[in-house]
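Input: a single structure, listed below in structure tokens.
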Amino acid sequence: MIPQRAYINQFLPGLLWGQRAVGLAVLIATSLLLGACAETQFIAQTVKQVSKKSDAEKRTTFGKYKIGKPYQIKGVWYYPQENFEYDETGIGSWYGPKFHGRKTANGEIYDMNGISAAHRTLPLPSVVRVTNLGNGRTLNVRINDRGPYAHGRILDLSRRAAQLLGFQKQGTASIRVRILADESRAMAARLKGVAELAEIGTPITIDSMPKPKVSSQALPVIGSNEQISPTPVSAPAPPPLSEPEQVANSPVSNEVTLEPVPDQTRIFIQAGAFANFDNANRVRAILSSLGSVKVSPVLVNGRDLFRVRVGPIESIADADHMLEQVIASGYTDARTIVD
């Protein structure tokens, strides 16, 4: 029979080794668990940072809704505002490679192969219906930039829009610009909602936002040899559109329609419209040395006004020269009108 003390001494090393093994296993498991937690925390933090960066980049890409403060260019003041009754005729132009890939006035990326335009006072963005008064071609266009700043121009279109309207080669055209009020209001509400949700971190549900309805018809063939295709350029391609921008672009497409236009249009320089006939007549007398000047009554928004116009003028180049003379005479609100 083995004494009790000897028995304990015989098995004590094994017991101690077992305890050490259990302790070592616990230590290893704890280390692995702490490492996994640290790795999980690192991954979560990384994903959070990437998500924040992605949201910021997305907001930069699709831009924001903007009206802006009054500003002055070349001695002429412009007053941006929401004007959902806007309807104006004048001379349109287009801009292209020099600005391709750059940011527009409301933070979007200008794509000269897209359907967009620059306007001096309408909200950014908004949607207008542009008609070439020379051929009747009509196109819905997205306003997302400020300009043009050349006197005598009411709209600077993207190169693609000018191609579809049929005046890219000429550079300018007599046009009519009408705001699409419902589409523009819906676009404003959509982008304001996107901005508010982005600020508070709420997920954006595109399907819940209102979408305007726009109908159009195919453009009849005008000439058998006529083709409209974009000219390739070496300018950098703009980044892909984010979801909010794609939704906001919905009223705009490459579809062109034909609208009836006058057989002949005439160009005038309108110095101003006055509530008092005597004031209008004084302006007529001052400008009479420049050419034929007429005062005519007109009803505008229920008000009787007297407009003062120089003309008619034969060409756009002559109209540009006359407009500069009228502005130099002190009538900085003068503009080119097509009737």
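The table below lists the values:
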item	result
Test: residue in the range 105-115 that is crowded, with 17+ Cβ neighbours inside 10 Å and under 17 Å from LEU180 (Cβ atoms)	yes
Output for the range 78-88, where each listed residue is part of a loop (DSSP other than H, G, I, E, B) and among the acidic types (Asp, Glu)	GLU82, GLU85
Condition met for PRO297 (part of a loop (DSSP other than H, G, I, E, B) and either under 22 Å from GLU85 (Cα atoms) or among the aliphatic types (A, V, I, L, M) (or both))	no
Selection within the range 166-182 - under 20 Å from ARG266 (Cβ atoms) and either surrounded by 21 or more Cβ atoms within 10 Å (Cβ to Cβ) or not assigned by TED's automatic domain parsing to the domain that holds GLY92 (or both)	PHE167, ALA173, SER174, ILE175, ARG176, VAL177
Every pair of residues 6+ apart whose Cβ atoms lie under 8 Å, when the first sits in the range 91-111 and is under 29 Å from THR336 (Cα atoms) and touching a residue at least 40 places away in the same chain (Cβ under 8 Å) while the second is among the basic types (Lys, Arg) and part of a strand (DSSP E or B)	ALA105/LYS66; ASN106/LYS66; TYR110/LYS103
Members of the range 321-335 found to be in a helix (DSSP H, G or I) and acidic (Asp, Glu), listed by number	GLU324
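One line per residue, one yes/no per condition, for (1) closer than 30 Å to GLY63 by Cβ; (2) at pLDDT 95 or above:
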{"site": "THR231", "(1), (2)": "yes, no"}
{"site": "PRO238", "(1), (2)": "yes, no"}
{"site": "LEU258", "(1), (2)": "no, no"}
{"site": "PHE268", "(1), (2)": "no, yes"}
{"site": "ASN281", "(1), (2)": "no, yes"}
{"site": "LYS294", "(1), (2)": "no, yes"}
{"site": "SER315", "(1), (2)": "no, no"}
{"site": "GLY330", "(1), (2)": "no, no"}
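The values are calculated or read from the model by the stated rules, or taken from the named source; none is laboratory data. None of the values given here were measured: they were computed from a predicted structure. Don't worry about glycine lacking a Cβ; one is built from the backbone with ideal geometry, like all the others, and counts go over all protein chains shown.
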